[in-house]
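Before any comments, here is the structure.
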Amino acid sequence: MQKIFSWGGGKIIEIELPGFEDWLPELIEQFEKTRSTAKKSHKIGGRWENLYIDIDEVPAARNPIRMGRDFGQEILEVSSVILFEPLPGSDNPYPPFWFNLAEPGESTGLHDHALLSQLCGVVYLAAENESGNLYFHKEGEVDLEIMPKVGKLVLFEPWMRHGVRENRSNNTRLSMAFNLFPFPLPMKNL
């Protein structure tokens, strides 16, 4: 399954990742084993918004990120570079991929990823009906909503403002988001 949306002056693609059943259980297991040691960047609404785990602790995360890069090239014709460590020369000490847990009643506020990245992605690791749609918002436009589904990847341009609606299910939603970068890398302060 693949859908391409032209919306708000940009493009968004939604893809069911082929073979996700093969790597997804391992990625969830790696996340669960290491989540207590995750670095946290900011708390919003009483919860830690992003959980950062070293790639050596969650090596199965490489699979969906690589697929995101490849689909970005194939479908959107955007060539990009994957980083699993913080961007060299950046003030940001976190790697450009992270996990997001949303318990029932939690949501993610409107934001963008415009700083230095070229393409952004989110892949759903655990989600069910009513667990909170990804939505894109632009003044003067009707919000575009995408329903989460296990194994689904959504790729979008980094300037696009987006958020996640309230999790109205009875279970935790787990997703992994990532940023991809142009080549050559935008080096700051080097």
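Among all positions in the range 1-10, there is no residue which is at pLDDT 95 or above, in contact with a strand residue (DSSP E or B) (Cβ under 7 Å, 6 or more places away or on another chain), outside any helix (DSSP H, G or I) and surrounded by fewer than 18 Cβ atoms within 10 Å (Cβ to Cβ). Checking 95, 104, 86 one by one, the residue that is surrounded by 14 or more Cβ atoms within 10 Å (Cβ to Cβ), more than 13 Å from the chain's Cα centre (by Cα) and closer than 16 Å to residue 65 by Cα is 86 and no other.
Give me the residue from the range 150-190 that is loosely packed, with under 15 Cβ neighbours inside 10 Å and of a type in the set (D, E, K, R) and, out of that set, modelled with the lowest pLDDT. That would be 188. Once the range 105-119 is narrowed to residues that are part of a strand (DSSP E or B) and out of contact with any helix residue (DSSP H, G or I) (no Cβ under 9 Å at 6 or more places or on another chain), the residue that is farthest from residue 132 (Cα to Cα) is 111. Listed by position, the strands (runs of 3 or more DSSP E) inside the range 128-190 whose residues that are of a type in the set (Lys, Arg) number at least 1 are 152-156, 173-180.
Just a yes or no: is a residue in the range 107-114 free of Cβ contacts under 8 Å to residues at least 24 places away in the same chain and either surrounded by fewer than 17 Cβ atoms within 10 Å (Cβ to Cβ) or within 23 Å of residue 53 (Cβ to Cβ) (or both)? The answer is no; no qualifying residue exists.
The values are calculated or read from the model by the stated rules, or taken from the named source; none is laboratory data. Predicted, not measured: the structure shown is a model, and the values here were computed from it. All Cβ positions, glycine included, derive from the backbone under ideal geometry; neighbour counts span all protein chains shown.
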